[in-house]
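Engineer: Before I ask anything, let me first share the structure, which is written out below as structure tokens.
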Amino acid sequence: MTVPQVTVKTDVGGVRVVVCSGDFDLDTINVLVEACADEDSPAGPLVVDVAGVSFADSSFLNAWSGCATPALWPCRARSPTSCAG
């Protein structure tokens, strides 16, 4: 298993770039979740670079979608019906 790494940087024009590498599963996904939950990251366009990811399960896809919409994370932790407007 390759240790997962996540780097977040702001590119030209304020685009936030999340660079991921290594293996991601339920036991290691927190590194991505914590990087995306960074309060200091600017709002705006987001690029997730997964070229270096050698393995990812469904927890990675869930966290990846959360990078774009961190306000929805509390809803994902509960049942989907609890998020209904």
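Engineer: Out of the residues in segment 29-43 that are at pLDDT below 85 and surrounded by 18 or more Cβ atoms within 10 Å (Cβ to Cβ), state the one that is farthest from M1 (Cα to Cα).
Structural biologist: Checked segment 29-43; the qualifying residue farthest from M1 (Cα to Cα) is C36.
Engineer: Would you please name the residue that is modelled with the highest pLDDT, looking only at residues in segment 6-23 that are outside any loop (DSSP other than H, G, I, E, B) and exposed (fewer than 14 other Cβ atoms within 10 Å of the Cβ)?
Structural biologist: To start, the set of residues in segment 6-23 that are outside any loop (DSSP other than H, G, I, E, B) comprises 6-10, 12-14, 16-23.
With exposed (fewer than 14 other Cβ atoms within 10 Å of the Cβ) added as a condition, the list becomes 7, 9-10, 12-14.
Working: T7: 90, K9: 85, T10: 79, V12: 71, G13: 78, G14: 78.
Once the filter is applied, the top-ranked residue is T7.
Engineer: Which numbered condition trips up T81, out of (1) in a helix (DSSP H, G or I); (2) among the β-branched types (V, I, T); (3) at pLDDT 85 or above?
Structural biologist: Looking at each condition in turn, T81 falls short on (3).
Engineer: Given the options L26, L61, L46, name the one that is over 17 Å from G14 (Cα atoms) and either at pLDDT below 85 or under 9 Å from the mean Cα position of the chain (by Cα) (or both). Don't jump to the end; show me each part of the working.
Structural biologist: Working: L26 fails: either at pLDDT below 85 or under 9 Å from the mean Cα position of the chain (by Cα) (or both); L46 fails: over 17 Å from G14 (Cα atoms).
Exactly one residue qualifies, and that residue is L61.
Engineer: L72 - would you say it is part of a helix (DSSP H, G or I), surrounded by fewer than 15 Cβ atoms within 10 Å (Cβ to Cβ) and modelled with pLDDT of 85 or more? Quick ask: steps written out before the conclusion?
Structural biologist: On the way: part of a helix (DSSP H, G or I): yes; surrounded by fewer than 15 Cβ atoms within 10 Å (Cβ to Cβ): yes; modelled with pLDDT of 85 or more: no.
No.
The values are calculated or read from the model by the stated rules, or taken from the named source; none is laboratory data. Here the structure is a predicted model, which means the values were calculated and not measured. Glycine gets a Cβ as well: all are built from the backbone with ideal geometry, and neighbour counts include every protein chain shown.
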